[in-house]
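What follows draws every value from the coordinates through simple rules; no lab data is involved. Fair warning: this is a prediction, and the values are worked out from it, not measured in the lab. Every residue, glycine among them, receives a Cβ derived from its backbone with ideal geometry; neighbour counts consider all protein chains shown.
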Amino acid sequence: MSSTRESAVTSSAAPLSQCCLFDAAALRAVETAAAAELGDAYALMHRAGEAAWREWLERWSQAYSLLVVCGPGNNGGDGYVMALHAHQAGRRVCAIRLREHAPRGKLAQRAAGEYEAAGGRTVEFDGALPPADAIVDALFGIGLKRPPEGAAADLIAAINAHGAPVFALDTPSGVDSDRGAVEGAAVVADRTIEFIARKGGLRTGAALDHVGALSLATLGLEPAHYHAHPIAEWLQAADMRRWLRPRRRDSHKGRNGRVLCVGGDHGHGGALLLCAQAALRSGAGLVDAATREAHVAPMLARLPEAMPRAVESAEDLRAAIEAADVIAIGPGLGQKDWGKQLLSAAIDSGKPLLLDADALNLLAAQPRWLSADTILTPHPGEAARLLGSDTARVQAERFSAVRALAEHYGCTVVLKGAGSLIAAPGGAVRVIGAGNPGMAVGGMGDVLSGAIAALRAQGLNAFDAASCGALLHSVAGDEAARDGGERGLLPSDLMPWLRRHANPSTDTR
């Protein structure tokens, strides 16, 4: 890539520590080390319960009656400490536990004992929960790695059916905080307060339907101080400023990169149109669109800024490939001989590539060596085909799946879906903290392809282009949804918001 295009975008190799995501093993190690340093392991449990109480007061200060559902371990201990604070503040509090969930371990026993010694009420779950203004879920924490069963599942079902707001401590019970998987009964919380640090699994996949709003209480600890290693980096809208800068006053179209979009077999010209339009709205200086002859005139009518050309064979594509800085291939490509020829020509070109949609399906059917400059953007079904797996397994193991794809194909991978993941060979992973269910509609992936390709053409390396492009796409989707609602959101609705957020330095909000 030419260095002349690096004035508008800036690569960023180092993650921001405040956005680090951790797994349960790292956080347990932090807790152990911090307890040894403090000389009192109960101090952390006390801090957690107090932080939960303060958060609860901020959100539900008018709630008078409170049910605290406590498990047998340290998460339950956090709940008993919170219950003690609520009791001492004059709230009507009832701690609920299963018959088999008497506190285990010195910390949980101490917390339960102090709550009950102060006059706190504890009852066993009898199949129904009494009326209350709010419920605290302190049943299972980050240590649970299997679906709740039996009475525990019944208790979770009762929490979800109760109707009162639910406040989860550290993680909603039944949600795997490492993987984001929900494989059985799980609490649906209105809000979750995380302790010490953010968890990777609470920001992707099925977990997003259970965590509600997330907040963080560090308990006065910094994981880096205890040499804990993050599993991923969490990206939010403001992070686009890390990569996007105002353009030079003497810029010209050649400095902003030339993207070649390839696809649009018969009946699928709209996919390539969306890709080309997104590339232009995301800042590419020039966009060529190689497609079937029947789609050239309609594309010119809809998007005169693009440069469509008819291609019927790989030979017809040669000149466009030579001129391109980046090739985005796949939207509407199809899996017939035409698509196969064009994909082979693109891969053989040695140019930076983005493969999406049918390009991924063709790759899965006939694996090819890919350069490190390649970006793959599969949805979970396409990821499953690339891995020889199945969609359910990919969704249950999203972090493992995206890492496996990056290692297997030796390139950057965007695993799309709720909480999209971006991985590069070597293990670096980023999580997109934006996006909404309205984006689950045909054509959204074509827009994403165009956005990422445009940023790659403007000088970002593959990992940063994929990260910034996925973030830009998701933020634009959120803006479009706020403008008119999620249901009925169209990929073309994102176009003005792509332009707005591709220029974050001009956003005064």
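Using mean Cβ contacts within 10 Å as the protection proxy, how do 474-482, 415-423, 21-29 order, highest first?
Descending mean neighbour count gives 415-423, 474-482, 21-29.
Taking each pair of distinct Cα atoms in region 24-228 once, what is the resulting Kirkwood hydrodynamic radius in Å?
16.6
Work out the charge dipole of region 238-506 with +1 on the Cβ of Lys and Arg and -1 on the Cβ of Asp and Glu about the Cα centre, then indicate which of SER492, ALA238, ALA320 is farthest towards its positive end.
ALA238
Averaged over all directions, how much area does the convex hull of the C-alpha atoms of region 302-369 cover when projected, in nm²?
Projected area, direction-averaged: 4.8 nm².
Beyond 21 Å, how much of the Cα-Cα pair distribution for region 412-477 remains, as a whole percent?
Looking at region 412-477, the distances longer than 21 Å represent 16 percent of pairs.
Could you give the C-alpha radius of gyration of region 94-210 expressed as a fraction of 2.2 N^0.38 Å, taking N as the number of residues it contains?
For region 94-210, the normalised Cα radius of gyration is 1.05.
Roughly speaking, what is the stretch gain from ARG368 to HIS227, that is 0.36 nm per residue apart minus the C-alpha to C-alpha distance, in nm to one decimal?
46.8 nm
Under 29 Å between C-alpha atoms is the cut-off here; go through the chain and count lysine pairs that meet it, provided they're at least eight residues apart or on different chains.
11
Rounded to the nearest 500 deg cm²/dmol, what is the calculated helix-only ellipticity per residue at 222 nm for the chain, with -39500 (n - 2.57) per DSSP H run of length n ≥ 4?
Value at 222 nm, helices only, nearest 500: -12000 deg cm²/dmol.
Are there trypsin sites (Lys or Arg not before Pro) in region 198-276 that DSSP marks as loop and that have at most 12 other Cβ atoms within 10 Å, and which are they?
ARG248, ARG249
In whole Å, how far is the Cα centre of region 94-114 from that of region 50-90?
Here the two parts' Cα centres lie 14 Å apart.
Give me TYR42, TYR80, TYR409 ranked fewest to most by other Cβ atoms within 10 Å of their Cβ, as a rough exposure proxy.
TYR42, TYR409, TYR80
When only alpha-carbon atoms count, how far does the chain stretch along each of its three principal axes, as whole angstroms with the largest first?
For the chain, the Cα extents along the three principal axes come out at 82, 43, 41 Å.
Explain nothing, just the number: dipole magnitude of the chain about its Cα centre with +1 on each Lys and Arg Cβ and -1 on each Asp and Glu Cβ, in debye rounded to the nearest 20.
Working: 50 positive and 55 negative charges, 193 e Å.
Roughly 920 debye, rounded to the nearest 20.
In Å and whole numbers, how far do the C-alpha atoms of region 328-432 stretch along each principal axis, longest first?
Extents along the principal axes: 35, 25, 21 Å.
Let me check I have the definition right: for region 238-506, take the eigenvalues of the Cα gyration tensor, multiply each by 5, take square roots. What are those semi-axes in whole Å, largest first?
24, 23, 18
Express the C-alpha Rg of region 390-509 as a ratio against the empirical globular expectation 2.2 N^0.38 Å, rounded to two decimals.
The reported ratio for this selection is 1.07.
Testing the spin-label approximation: label points 7 Å from Cα along Cα→Cβ at ARG92 and ALA157. State their distance in nm.
Placing both labels 7 Å beyond Cα along the Cβ direction yields 2.8 nm.
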